[in-house]
Amino acid sequence: QVQLVESGGDLVQPGGSLNLSCAASGIIVKDYVIGWYRQAPGRQRERVAELDNGWFPQYLRSVEGRFTISKSNANNSAYLRMNNLRFEDTAVYYCNLKRRATREDYWGQGTQVTVSS
């Protein structure tokens with residue numbers, strides 16, 4: 001059974017940093033496209049960052065230069081480093097692993113990030 005468990009969400013002041021983690025089980029992270037998405041209240045879910053093997057990471061324009069997506073094959077995990085957080089980064093953040101060739105698409109339960117003074 002595939003399971004993705006996010007952690008690291010917290011309440012942080014503007015300008016602060018957080019590290020989100022996504023621990024995978026029942027699946028091998030390196031074989032999938034890794035994505036981090038977020039959904040704020042009343043808004044649609046949006047893709048924040050994506051990491052595909054052999055390609056440069058892709059970022060939502062508003063987070064470029066502040067967020068970094070990465071993975072660890074040894075830990076079978078994905079990460080999102082978030083620096084210089086802003087009020088508008090407040091959302092539930094979700095980890096996603098997908099493999100287009102087999103139409104596999106897995107989501108974690110989400111972790112809350114709140115940026116507030």
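Debye calculation, C-alpha points only, no solvent: report log10 I(q)/I(0) for the range 35-95 at q = 0.14 Å⁻¹, in the same order as the q values.
One equal scatterer on each Cα of the range 35-95 leads to -0.39.
Can you give me the distance in nm between label points at residue 112 and residue 64, each placed 7 Å from the Cα along the Cα-to-Cβ direction?
Output for this residue pair reads 3.2 nm.
With +1 on the Cβ of every Lys and Arg and -1 on the Cβ of every Asp and Glu, and nothing else charged, how large is the dipole of the chain about its Cα centre, in debye rounded to the nearest 20?
That gives the chain a dipole magnitude of about 180 debye.
Charges on Cβ only, +1 for Lys and Arg, -1 for Asp and Glu, centred on the Cα centroid of the chain; of 35, 5, 108, which one is farthest towards the dipole's positive end?
35
With a 1.4 Å probe and all protein chains left in place, how much accessible area per residue does the chain have, in Å²?
Averaged over the residues of the chain, the accessible area is 56 Å².
Under a plain spin-label model, where a point goes 7 Å from the Cα along Cα-to-Cβ, how far apart in nm are residue 10 and residue 39?
Taking the two extended label points, one gets 2.6 nm.
What does DSSP give for the chain in terms of the percent of beta bridges that are antiparallel, rounded to the nearest 5?
Percentage antiparallel, nearest 5: 95.
The values are calculated or read from the model by the stated rules, or taken from the named source; none is laboratory data. Here the structure is a predicted model, which means the values were calculated and not measured. Cβ sites come from the backbone with ideal geometry, for glycine too, and all protein chains shown count toward neighbours. What goes into the accessible areas is simple: the full protein's heavy atoms, side chains included, and nothing from ligands, DNA or RNA. Shrake-Rupley method; radii C 1.70, N 1.55, O 1.52, S 1.80 Å.
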